[in-house]
Amino acid sequence: MIGLLDANNFYVSCERVFNPDIVNKPVVVLSNKDGCVVSRSNEAKSLGIGMGTPFFQIKVLAEMEDIRVYSSNYTLYGDMSGRICAEVKSLIPNVEVYSIDEQFLDFGGFGGHDLSALGNEVKTRVKKHIGIPTCLGIVKTKTLAKIANHITKKSLTHNGIYVLEHPKLVEAFLRLTPVGDLWGVGRRYQKKLAEHKIYTALDLYNTPEHFVRKQMTVVGQRLWHELHGRPCIPLEQISKPKKNICTSRTFGQLETDLSAIKEAVATHAASCAEKLRKESSIANYLQVFIQTNRYRKDDPQYSNRAANRSFTWTLPIASNDSRDLIRYATQALEQIFRSDFKYNKCGVIVSGLVPENERQLNLFESTDKQPEPIFEQVQAVCRPDNRVMKAMDDLNGRFGAKTIKLGATMSTQKTQSWQLTPSLLSPHYTTKFTDIPIARCS
DNA sequence: TCTGGGGTCCTAGGACCC
DNA sequence: TCTGGGGTCCTAGGACCC
């Protein structure tokens, strides 16, 4: 049996742990740049606020209903997520961390136990020790666990936990689940399936396998088997290394100035490099993208990706050195940049990731510390020792993020406008180097 | 007139997830 | 005025190899 443990309204719940005043009040947490609603308390949901609603559309409502509004504080949520995980593992050792607020729990090997009681213990401990309410569904497959969890969330009985063992009960749950709510069925498939009169999970369950395969490829076929209680999606306890890493942001305001965008791109490139080093990976390819605001229909639109100017830069030698990535990213930017557009977002993507210790050397690479001038350019990208980067990471780890930055990412008065400061941010309660002294002591 | 049989790699596009 | 930021997997088709 597999369980899905899912935190209720996770970001909101995190804010509530440190701010009991907002329990039982409508609360929302916003995306970056305070753009959209990404987490809602039940009270906020009752007011009709949908997931992803642009905040400006509900600003008046928020004032009228005294909704408590927060900028997203990923440092806090990430740390809380880690604590939940540790707590769960103290009871159920085999766990797959699926997302910041979801974990799959392996109940195999607990045959003699009352799974309902065990599951309740997990939930109770997480609530008591971390302060976060959760729901848990326990069934034969991951897909069914998702369903059970979902229904548990909506149900007021059963204390937020369902153990589905009897096939009749599974069937009843399938009947209650719209096919579009299934894990792996998005808007497109939902529409397509509706054309064939498949509306609920049970309808899909009763559809012939070959039809599902034809319409939804092997992915759908796996889903179909999972609904029948045959596991096709294994529990992955060890997270696989990432294949792509992306850092992107919308600007604080529309941007036309190349030097400001260059600084943003350099900052994102440095961030990608940092993420790479954290993963102990190096990247072979690099892409940069810039785009205008697609919501401003009257403005001329440009996106280098849409315009088929999506350059994939091949690095001479795979790297995770911020200096290399910044150099190539800013060069790429100059190729795709067009003046006379008002840009609102840019980003850097690195791909072709391989483990740091499996670097493919370049035929022309010199390991000589004093290279011939002719090799200077190559030498610049193949620093055999990454001591500067390591020192930078160490200092930033010890004294707080961005203690040391590269010059290309430093703002001048002229260029700082692309950045933004979220206005409604809560403190980093549980981690070091926060803006409030009390946490600094911890 | 007739034109094999087996592969790999890469990319774009489509679908999905949180 | 204001509309987020990350990821994954699968398939088809093109280009190439022997």
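The values are calculated or read from the model by the stated rules, or taken from the named source; none is laboratory data. Only a predicted model underlies this, so the values are computations on that prediction, with no experimental measurement involved. Using ideal geometry, Cβ is built from the backbone for each residue, glycine included, and neighbour counts are taken over all protein chains shown.
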Looking at A:Leu424, A:Leu361, which is the one that is modelled with pLDDT under 85, surrounded by 11 or more Cβ atoms within 10 Å (Cβ to Cβ) and either of a type in the set (A, V, I, L, M) or not in a loop (DSSP other than H, G, I, E, B) (or both)? A:Leu361
State which residue is nearest to DNA strand C (Cβ to nearest atom) when the search covers only the range A:37-52 and only residues that are touching a strand residue (DSSP E or B) at 6+ places or on another chain (Cβ under 8 Å) and farther than 17 Å from A:Glu15 by Cα. A:Gly52
Out of A:Val69, A:Val37, A:Val12, A:Val29, report the one residue that is part of a helix (DSSP H, G or I) and either more than 21 Å from A:Lys146 (Cα to Cα) or β-branched (Val, Ile, Thr) (or both). A:Val12
For the structure I just gave you, tell me whether A:Thr207 is over 28 Å from A:Pro133 (Cβ atoms), touching a strand residue (DSSP E or B) at 6+ places or on another chain (Cβ under 6 Å), among the hydroxyl-bearing types (Ser, Thr, Tyr) and not assigned by TED's automatic domain parsing to the domain that holds A:Gly35. no
As an exercise: evaluate A:Leu76 against (1) out of contact with any Cys (no Cβ under 9 Å at 6 or more places or on another chain); (2) buried (at least 17 other Cβ atoms within 10 Å of the Cβ) and give the number of the one condition it does not meet. (1)
Every residue from the range A:121-145 that is more than 16 Å from DNA strand B (Cβ to nearest atom) and either hydroxyl-bearing (Ser, Thr, Tyr) or in contact with a Gly (Cβ under 9 Å, 6 or more places away or on another chain) (or both): A:Val122, A:Lys123, A:Thr124, A:Ile138, A:Lys140
Report yes if A:Leu193 is in a helix (DSSP H, G or I), of a type in the set (A, V, I, L, M), surrounded by 17 or more Cβ atoms within 10 Å (Cβ to Cβ) and within 16 Å of DNA strand B (Cβ to nearest atom), otherwise no. yes
When the residues of the range A:224-239 are filtered to those that are part of a loop (DSSP other than H, G, I, E, B) and hydrophobic (A, V, I, L, M, F, W, C), which remaining residue is farthest from DNA strand B (Cβ to nearest atom)? A:Ile238
Members of the range A:74-101 that are within 14 Å of A:Gly131 (Cα to Cα) and in a strand (DSSP E or B): none
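Conditions (1) within 16 Å of DNA strand C (Cβ to nearest atom); (2) closer than 30 Å to A:Gly82 by Cα; (3) of a type outside the set (A, V, I, L, M, F, W, C), marked per residue:
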{"position": "A:Phe107", "(1), (2), (3)": "no, yes, no"}
{"position": "A:His150", "(1), (2), (3)": "no, yes, yes"}
{"position": "A:Leu156", "(1), (2), (3)": "no, yes, no"}
{"position": "A:Leu174", "(1), (2), (3)": "no, no, no"}
{"position": "A:Gly186", "(1), (2), (3)": "yes, yes, yes"}
{"position": "A:Leu202", "(1), (2), (3)": "no, no, no"}
Extreme residue, farthest from A:Leu286 (Cα to Cα), among residues of the range A:315-343 that are part of a helix (DSSP H, G or I) and of a type in the set (Asp, Glu): A:Glu334
How many residues of the range A:20-63 are at positive phi, more than 15 Å from DNA strand B (Cβ to nearest atom) and surrounded by fewer than 14 Cβ atoms within 10 Å (Cβ to Cβ)? The answer is 2
From the list A:Arg277, A:Arg305, which residue is under 20 Å from the mean Cα position of the chain (by Cα) and of a type in the set (D, E, K, R)? A:Arg277
Condition met for A:Leu174 (among the hydrophobic types (A, V, I, L, M, F, W, C) and in contact (Cβ under 8 Å) with a residue 24 or more places away in the chain): yes
Quick one: count up the residues across the range A:170-187 that are at pLDDT 95 or above and assigned to a helix (DSSP H, G or I). 10
Give the residue, chosen from A:Lys214, A:Lys242, that is outside any helix (DSSP H, G or I), within 15 Å of DNA strand C (Cβ to nearest atom), surrounded by 11 or more Cβ atoms within 10 Å (Cβ to Cβ) and not hydroxyl-bearing (Ser, Thr, Tyr). A:Lys242
